[in-house]
Amino acid sequence: MELTPEIKALIVDEVLTKPEVLDLLGLTRQSMHSHLKRGHIQPFKESGNTQLFFKEDVMKFKDSLEEKRKLFRPYDEKE
């Protein structure tokens, strides 16, 4: 099965690997593992050590993390 350029572009734009998610969220591997274990975020595909995430899901999770940081770490906010 050959992927069309449109499908390849969609995958590149909308699918993230675990290292990309870690970088985008600013999380450590240990912290990410904890969030995965607790079900806060889930990959849509796992194969061996590879985990793939939908960008939309990651961005929603990022928003929820930022809200929690505002609640529990107000001193991090810059004026």
Percent RCO, i.e. relative contact order, over region 5-76, from Cα pairs under 8 Å lying at least 6 residues apart: 32 percent
Distance histogram in 10 Å bins (all Cα pairs of region 19-59, percent per bin): 28, 67, 4
Computed label-point distance, nm, for sites Arg73 and Thr50 using a 7 Å Cα→Cβ extension: 3.2 nm
Where GluC sites (Glu not before Pro) fall in DSSP loop in region 1-76, at most 15 other Cβ within 10 Å: Glu2
Share of alpha-carbon pairs per 10 Å distance bin for the chain, given as whole %: 16, 45, 25, 11, 3, 0
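Laboratory data are not the source of any read-out in this text; all were calculated from the coordinates shown. Just so it is clear, the model here is predicted, and its values are computed rather than measured. Note that each Cβ is placed from the backbone with ideal geometry, even for glycine, and that neighbours are counted across all protein chains shown.
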